[in-house]
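J.: Provided herewith is a single structure, encoded as structure tokens, for subsequent inquiry.
The values are calculated or read from the model by the stated rules, or taken from the named source; none is laboratory data. Since the model is a prediction, treat every value here as computed from it, not as a measurement. Cβ placement follows ideal geometry from the backbone for every residue including glycine, while neighbour counts extend to all protein chains displayed. Keep in mind that these areas ignore ligands, DNA and RNA; they rest on the heavy atoms of the full protein, side chains included. Shrake-Rupley method; radii C 1.70, N 1.55, O 1.52, S 1.80 Å.
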Amino acid sequence: MTRNYIFLTFLLIYTIGISQIKTAAVQSDSEITTTVEQWHKAAADANFEAYFNLMTADAVFIGTDPTENWSLKSFKAFAKPYFDRGKAWSFSTLDRNIFTQPESNFAWFDELLKTQMGICRGSGVLEKTIAGWKIKHYVLSIAIPNENVKEITSIKQGFDSNLMKLLKEDK
């Protein structure tokens, strides 16, 4: 009888614990979705302060051009003229996957976006801060269908060759 009681007690505690972990993960996913959606909306609304307040102080933004690997400071400098004109960029989510671990202050995600460049892929890392979830690292890439890769590779061959040469010289 005592063994059964101990087993049932353990089973109950384990089930409650798993339930709490799943609930915490769902809450995190919802908070992360809200953060990323607010971030994209701030860009669409050309709200410079709101956009950059959703990023960590050490954030990195990697754009679609191979030369676009920006610290927060350099990304702000690049983006400011777009925001000042009242038209930054407008991305709407087509699909998003969020990944979290219990008891972690980091999460990562990937997303497909409808943009002025067609379908793009974004991926990022968020950090949970005192002020909530913030974008720490974001990568934006133009999604190229496999059947168009050869054509695109041909189009960018000259640019790639020149950049590879420059990068080799810098080492």
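J.: If the Cβ limit is 7 Å and pairs must be 6+ apart or interchain, which residue in the stretch 128-152 that is open to solvent by 60 Å² or more (accessible area, probe 1.4 Å) pairs with which residue that is assigned to a helix (DSSP H, G or I)?
T.: Pairs that qualify, where the first residue is open to solvent by 60 Å² or more (accessible area, probe 1.4 Å) and the partner is assigned to a helix (DSSP H, G or I), are 144/152.
J.: Open to solvent by 70 Å² or more (accessible area, probe 1.4 Å), touching a residue at least 24 places away in the same chain (Cβ under 8 Å) and of a type in the set (Val, Ile, Thr): does that describe residue 119?
T.: For residue 119, the condition - open to solvent by 70 Å² or more (accessible area, probe 1.4 Å), touching a residue at least 24 places away in the same chain (Cβ under 8 Å) and of a type in the set (Val, Ile, Thr) - is met.
J.: Quickly run through the stretch 87-115 and pick out the residues that are open to solvent by less than 70 Å² (accessible area, probe 1.4 Å), within 11 Å of the chain's Cα centre (by Cα) and closer than 17 Å to residue 137 by Cβ.
T.: 96, 97, 98, 107, 109, 110, 111
Here's the yes/no breakdown for (1) farther than 21 Å from residue 127 by Cβ; (2) modelled with pLDDT of 75 or more; (3) surrounded by 10 or more Cβ atoms within 10 Å (Cβ to Cβ):
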position	(1), (2), (3)
5	yes, no, no
10	yes, no, yes
20	yes, no, yes
24	no, no, yes
29	no, yes, yes
33	no, yes, yes
37	no, yes, yes
44	yes, yes, yes
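J.: Continuing with the same structure: Output the number of residues of the stretch 60-87 satisfying the condition of being in a loop (DSSP other than H, G, I, E, B) and among the small types (Gly, Ala, Ser).
T.: Counting residues in the stretch 60-87 that are in a loop (DSSP other than H, G, I, E, B) and among the small types (Gly, Ala, Ser) gives 2.
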